[in-house]
Protein chains: 2
Amino acid sequence: MTTDAWVNETLYAAWGQRFLVKRELARVKSDFQDIMVFESHTHGRVMLLDGVVQITEADEFVYQEMLAHVPLLAHGAAKRVLIIGAGDGGVLRRVLQHRTVEHATMVEIDGEVIRLAKEFLPGIAGDAWTDPRAEVIVGDGIDFVRKAADASYDVVIVDSTDPIGVGEVLFTDEFYANCARLLTGRGLVVNQCGVPFMQADELRETSLRRARAFADVWAYVAAVPTYVGGCMTLGWAAKDATLRAVPADEIRRRADIAGVLDTTGYWTPEIHAAAFHLPPYIARHLPRR
Amino acid sequence: MTTDAWVNETLYAAWGQRFLVKRELARVKSDFQDIMVFESHTHGRVMLLDGVVQITEADEFVYQEMLAHVPLLAHGAAKRVLIIGAGDGGVLRRVLQHRTVEHATMVEIDGEVIRLAKEFLPGIAGDAWTDPRAEVIVGDGIDFVRKAADASYDVVIVDSTDPIGVGEVLFTDEFYANCARLLTGRGLVVNQCGVPFMQADELRETSLRRARAFADVWAYVAAVPTYVGGCMTLGWAAKDATLRAVPADEIRRRADIAGVLDTTGYWTPEIHAAAFHLPPYIARHLPRR
């Protein structure tokens, strides 16, 4: 690709975003997907998997903060965290920001994503790769949750691609049943559920699957600049329905103890609490309570 | 343009959205701007002004509901409403949904926008054009606010293009000073302030201008699918700082009286209240309190 060519995101057939490329940095065909990293004019460096934007340096904070801080602080005493996917290391970094976390396992199927993130997007993970509390496994998340011991984690965070291609198996009944099994009593799982204005099926169908394994199924929203199309939803499946109703004041207290208060660009205790209030156009895709 | 060509939004030089066009419906050069209307594959019909998406049939509800319901219900007793811009009639329709509103004046500078909206986007305004409470003026909003009587409106809603081109004069000190003068004692003005992730200057500079004429200056957010780039901000300038702190329960009561409760796709009393909690990356562009 020549410098200053446009890259069109291919997520949707007839609408999408495009970036003017300043400099292409990598284009790799891994065993699982096509990976591209480029320098943009507007969003710092950008990583695409199979033509879909996964992360940009400029707005990654929105997604990572909401995917990590919300479940950990809603739980309130999470010591062991399992991350599936998230090969860029950004969720791992935000999880380890919580000094209350004792261990984080990250299972990413594609070692090339980790390698390229370390080389071209080192700021995303920061020191997380060498944190003594982190265990980074290049392997199959489905297999990992199948073999994981009962009640071995407090929180599971699934940062996958959409349920097409390599990410598809992370949205199955078996996967969620295993998540429920490996979680402790107040455990919960969150996962990225796409942008419902464009991908309502993704939210609707995976919510039904989660409801087979968890008592409380819901979603919360974040407006991620480069996950275009309005609010994205993060799926919520918990054993304890009180976890998503913790008031902002208590979330603030927990965040202070964890050491994450006033470190964020998007997340706040008030935004945490507000994120569970869904616009009707989104709420109607969730299972009726 | 041939059918099935792409239209690239030209708002930002190096990033943006694009639509695959199903059928071009109109392309007009008015006295003020280039207007284009087309049928998309994904968002129904779309109107662009000077290459920038103004409205799509599929997601207009998000923007209109938040621009109309939030100020009217925060005020709580708005009888007379002034709308500047909004030539598609969508804000007018949402304002007139409030049976508590006695009169709405809409001042749109470009009669061609109204004509094309009536012809190609009739569902956006619905019956608003013929509502006996509506007064539609094709004229200059700046001039209108200059000549309007003191304390003649309860709420001003500015639905303009960005502060470039024809919309620029709607963001000046003189405009806001006149808004303050023509508003009643608990009056307030809201206006579209762009997407701060991409256009932080717009929020920062117009907030400073509003602060010269109003005691309480803030913003609230909405995630509008085709105003790409995360949250958009709607500027808030009020004489009374309590208006943006009305609890969701009271907003619900007022919405019920006004007849707008359970009519919405995005707005809810909880989302109303939550919208004033800004992510730090946005809040830092507002004047310090």
Item to complete: Taking A:R80 as meeting all but one of (1) in contact with a helix residue (DSSP H, G or I) (Cβ under 8 Å, 6 or more places away or on another chain); (2) crowded, with 17+ Cβ neighbours inside 10 Å, write down the number of the exception.
Response: (1)
Discussion item. I'd like the full set of residues that are crowded, with 17+ Cβ neighbours inside 10 Å and more than 19 Å from A:A125 (Cα to Cα), limited to segment A:23-50.
Written reply: A:F32, A:Q33, A:S40, A:T42, A:D50
Worksheet entry | segment A:274-289, residues that are at the interface with chain B (Cβ under 10 Å from one of its Cβ atoms) and farther than 15 Å from A:L72 by Cβ | A:A274, A:F276, A:H277, A:L278, A:P279, A:P280, A:Y281, A:I282, A:A283, A:R284
Worksheet item: Do we have B:R99 as over 22 Å from B:N191 (Cβ atoms), of a type in the set (D, E, K, R) and outside the structural domain of B:L234 (by TED's automatic domain parsing) here?
Response: no
Worksheet entry | Which numbered condition B:V145 misses (of (1) in the same structural domain as B:A26 (by TED's automatic domain parsing); (2) surrounded by 24 or more Cβ atoms within 10 Å (Cβ to Cβ); (3) of a type in the set (A, V, I, L, M)) | (1)
Worksheet item: Can you tell me which of B:T268, B:T206 is of a type in the set (S, T, Y), more than 19 Å from A:A222 (Cβ to Cβ), buried (at least 19 other Cβ atoms within 10 Å of the Cβ) and out of contact with any Pro (no Cβ under 6 Å at 6 or more places or on another chain)?
Response: B:T206
Worksheet item: (1) more than 30 Å from B:A14 (Cβ to Cβ); (2) within 13 Å of another protein chain (Cβ to nearest Cβ); (3) over 16 Å from the mean Cα position of the chain (by Cα): which one isn't true of B:M198, the others all being true?
Response: (1)
Worksheet item: Of the residues A:D59, A:D110, which single one is over 25 Å from A:D256 (Cβ atoms), touching a Gly at 6+ places or on another chain (Cβ under 8 Å) and within 14 Å of chain B (Cβ to nearest Cβ)?
Response: A:D59
Worksheet item: For residues in segment A:227-270 being touching a residue at least 40 places away in the same chain (Cβ under 8 Å) and basic (K, R), which is farthest from the other protein chains (Cβ to nearest Cβ)?
Response: A:K239
Item to complete: Go over the candidates A:A283, A:A215, A:A241, A:A245 one by one and state the one that is among the hydrophobic types (A, V, I, L, M, F, W, C) and in contact with a helix residue (DSSP H, G or I) (Cβ under 8 Å, 6 or more places away or on another chain).
Response: A:A215
Worksheet item: For the subset of segment B:271-289 comprising residues that are without any contact (Cβ under 8 Å) to a residue 40 or more places away in the chain and not in a helix (DSSP H, G or I), which member is nearest to A:A274 (Cα to Cα)?
Response: B:H277
Worksheet item: Restricting attention to segment B:51-77, which residues are surrounded by fewer than 21 Cβ atoms within 10 Å (Cβ to Cβ) and β-branched (V, I, T)?
Response: B:V52
Item to complete: Would you please name the residue that is farthest from the other protein chains (Cβ to nearest Cβ), looking only at residues in segment A:206-226 that are under 21 Å from A:P196 (Cβ atoms), part of a loop (DSSP other than H, G, I, E, B) and not polar (S, T, N, Q)?
Response: A:F214
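Looking at segment B:6-22 only, could you name the residues that are surrounded by fewer than 19 Cβ atoms within 10 Å (Cβ to Cβ), within 11 Å of chain A (Cβ to nearest Cβ) and in a loop (DSSP other than H, G, I, E, B)?
Answer for segment B:6-22, where residues must be surrounded by fewer than 19 Cβ atoms within 10 Å (Cβ to Cβ), within 11 Å of chain A (Cβ to nearest Cβ) and in a loop (DSSP other than H, G, I, E, B): B:Y12, B:A13, B:A14.
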Worksheet entry | Top-ranked residue in segment B:216-239 [being modelled with pLDDT of 95 or more and over 21 Å from A:Y266 (Cα atoms); ranked as surrounded by the fewest Cβ atoms within 10 Å (Cβ to Cβ)] | B:D216
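Listed here are the residues, each with its yes/no results for (1) under 20 Å from A:N191 (Cα atoms); (2) out of contact with any Cys (no Cβ under 6 Å at 6 or more places or on another chain); (3) at pLDDT below 95; (4) among the polar types (S, T, N, Q).
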residue	(1), (2), (3), (4)
A:V107	yes, yes, no, no
A:D110	yes, yes, no, no
A:V113	yes, yes, no, no
A:T130	no, yes, no, yes
A:V166	yes, yes, yes, no
A:T172	yes, yes, yes, yes
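The values are calculated or read from the model by the stated rules, or taken from the named source; none is laboratory data. Predicted model, so just to flag it, every value in this text is computed and none were measured. All Cβ positions, even for glycine, are placed from backbone atoms using ideal geometry, and neighbour counts span all protein chains on display.
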